[in-house]
Amino acid sequence: MSENKLQRKIIHIDMDAFYASVEQRDNPDYKGKPIIVGGLPQGRGGVVATASYEARRFGVRSAMPSKKAQQLCPHAIFVRPRFAAYKEVSQKIREIFHRYTDLIEPLSLDEAYLDVTHDKLEIGSAIEIAMQIKKAIKDELNLTASAGVSVNKFVAKIASDINKPDGLTFIGPSKIESFMESLAVEKFHGIGRVTAEKMKRMNLFTGADLKKLTEEQLLLHFGKPGKFYYKIVRGIDDREVQPNRVTKSVGAEDTFPYDLTDLEEMNVELDKIAKTVADRLQRYQLKGRTLTLKIKYSDFKQITRNQSFLHEINDLQTIAQTAKELLLKTSPEDKKIRLLGITLSNFNEIFTHKNTSQLELFQYDD
């Protein structure tokens, strides 16, 4: 590793069971009980956004169908998300971060990277700063966070997950390569379940196993991500903390309580989704050239259709009308539609805004 990389001080802060913890904090009756925030299990059922640690002990996980979560933990309390409340708390957490640095890259409402190589208070120690941030979050907001500290983003993110909840883990430069070698492949951020299974079929179970392959071999077996795997297994990550990220897309979708089979009903739902998208675009002063319609059928088959424009759009009428026209081209009559979504992308470069990753939360509105 170069001297420059050794000098960088990166903290990854990840709130513990954020939505569920906010609910337990705001409602004393929920304390110590298994709380599941997300779609309700009744009817078709929704999806788990997050679960308290009391519910996680039963195997409940984020993105799990609410019906399955209820089977695993029958006595769980299901709570609908209060996104406005979570966003307000997230803003207060961000204010705590800004006491130490302005180099903050939010990944969502509940996690962020901080570059404290040159911190505002001249504390000098990233570990001390992480401890102070955790203490401020606990004292001022009555919530807990876990922190990972290292010399780059990738290692810091993995470190924050090691001692949850309320953990603080430091992985120094001299420990990075041995730590990566001991890590199971499924624990590497960026290696999903399918890829991890493929690696195991190739007898690649740990970072040490991956490290035996050359970059060319990794590219051959895994395509472009192979270059990424080659670097991360050696703890190499040159990415800077980016306080201003460019939005690539803004969208919204809805899963319906029953299958839609009537075109008029589908169009009514598209009008609602288009309104949400248009509001978000105008709130962030964004315009895009490409509109994508997402359709998921009752058998979970999913398709997308898109249309590009010569000029940028963000007005409700164009978004709604285009989505309806794209839907019509799929011959929706007599089909059972479970979900519809609209996304706008291909933004003009001048339309950028700060902290755009907050938008990611709304991709899962249910």
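The values are calculated or read from the model by the stated rules, or taken from the named source; none is laboratory data. Note that this is a predicted model, so its numbers are computed, not measured. Don't worry about glycine lacking a Cβ; one is built from the backbone with ideal geometry, like all the others, and counts go over all protein chains shown.
Overview of results
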quantity	calculated
Within segment 110-132, tally of residues that are surrounded by fewer than 23 Cβ atoms within 10 Å (Cβ to Cβ), among the aliphatic types (A, V, I, L, M) and touching a residue at least 24 places away in the same chain (Cβ under 8 Å)	2
Filter result (surrounded by fewer than 15 Cβ atoms within 10 Å (Cβ to Cβ) and either farther than 30 Å from F18 by Cα or of a type outside the set (S, T, Y) (or both)) within segment 166-186	D166, G172, S174, K175, S178, A184, E186
Test: residue in segment 77-84 that is more than 30 Å from A156 (Cβ to Cβ), at pLDDT 95 or above, of a type outside the set (K, R) and over 23 Å from the mean Cα position of the chain (by Cα)	yes
Test: V194 is buried (at least 17 other Cβ atoms within 10 Å of the Cβ) and hydrophobic (A, V, I, L, M, F, W, C)	no
Matching residues, segment 224-239, being among the charged types (D, E, K, R) and part of a helix (DSSP H, G or I)	K227, K231
Some residue of segment 345-357 being of a type outside the set (A, V, I, L, M) and modelled with pLDDT of 85 or more	yes
Condition met for A130 (in a strand (DSSP E or B) and among the hydrophobic types (A, V, I, L, M, F, W, C))	no
All strands (runs of 3 or more DSSP E) inside segment 1-82 with 1 or more residues being of a type in the set (S, T, N, Q)	48-51
Criterion (within 18 Å of the chain's Cα centre (by Cα) and loosely packed, with under 14 Cβ neighbours inside 10 Å) met by exactly one of Q91, Q42	Q91
Qualifying residue in segment 260-277 (condition: buried (at least 19 other Cβ atoms within 10 Å of the Cβ) and within 27 Å of Y113 (Cα to Cα))	no
